[in-house]
Structures are given as C-alpha cells and as structure tokens.
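A short write-up of the structure that comes next.
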Amino acid sequence: MTIRHLSQIELAARWNISPRTLERWRGTGEGSTFIKLGGRVVYRLEDVEAHELKRLEEARALMAQNRMTSGAVAEIGHGQ
C-alpha cells in the first residue's frame, strides 16, 4: 500500500486557506496530524481525510443541536 503525503502548500490549496494558517495550527495543536521529516512538514492523506470527516461530523452534530434548540424556542414562543 502506498501512503500519499501532502505538502503544506498542497493541503493549504485543498482547504483553500493560507499555508501560514497551517503553520499557526501546528503551533496550537489544531488542524490535521502532521509529520516532520528532516525539517519538512508533510500530512498523510489518510490523516487529512480523517480530520475532515471528524469536522464534518462535528458540524452535523452542531446543526442538529441548533435545530432542536431553535425548534424548542419556536414551540415555546408559539404557545403564548
């Protein structure tokens, strides 16, 4: 099995963000897992995809929570 790696530039293009944002995220522990190889930073594609899936699941859960909250508020307001 071949492991595909993305450079910082490739990942920044994939996510449409600045490479500097990835640098900042590495310092704060945000973003995808990275590997430092001889001073070069790379991201395994499987780690990037896992991070994207996690963020998607978090966004879906937040949207569902917001729907439930706004629905409860609407029901309370509607009965008055």
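The values are calculated or read from the model by the stated rules, or taken from the named source; none is laboratory data. Nothing here was measured: the structure is a model prediction, and the numbers come from that model. All Cβ positions, even for glycine, are placed from backbone atoms using ideal geometry, and neighbour counts span all protein chains on display. Each accessible area value is taken on the protein alone, full model and side chains, heavy atoms only, with ligands, DNA and RNA left out. Shrake-Rupley method; radii C 1.70, N 1.55, O 1.52, S 1.80 Å.
As a fraction of the 1.4 Å probe accessible area of the stretch 1-65, surface on carbon and sulfur atoms comes out at 53 percent. Helical runs (DSSP H, four residues minimum) scored at -39500 (n - 2.57) apiece and divided by the length of the chain put the mean residue ellipticity at 222 nm at -22000 deg cm²/dmol. Placing +1 on the Cβ of every Lys and Arg and -1 on the Cβ of every Asp and Glu, with nothing else charged, gives the chain a dipole about its Cα centre of roughly 320 debye.
Modelled label positions at Ile9 and Leu62, each set 7 Å beyond Cα in the direction of Cβ, lie 3.1 nm from each other.
Between the amide H of Leu6 and those of Tyr43, Arg44, Leu45, distances stay under 5 Å, these residues lying 5 or more places away or on another chain, with hydrogens modeled in the peptide plane. Based on protein heavy atoms only, the chain ends up with 77 Å² per residue of surface accessible to a 1.4 Å probe.
Note on surface exposure: His51, His5 rank His5, His51 by accessible area, highest first, 1.4 Å probe.
Given R₀ = 35 Å, FRET efficiency for Thr69-Thr2 by Cβ-Cβ distance, to 0.05? The value I calculate is 0.20. Which of rounded, prolate or oblate describes the chain when judged by the alpha-carbon gyration tensor and an a/c cut-off of 1.5? Prolate.
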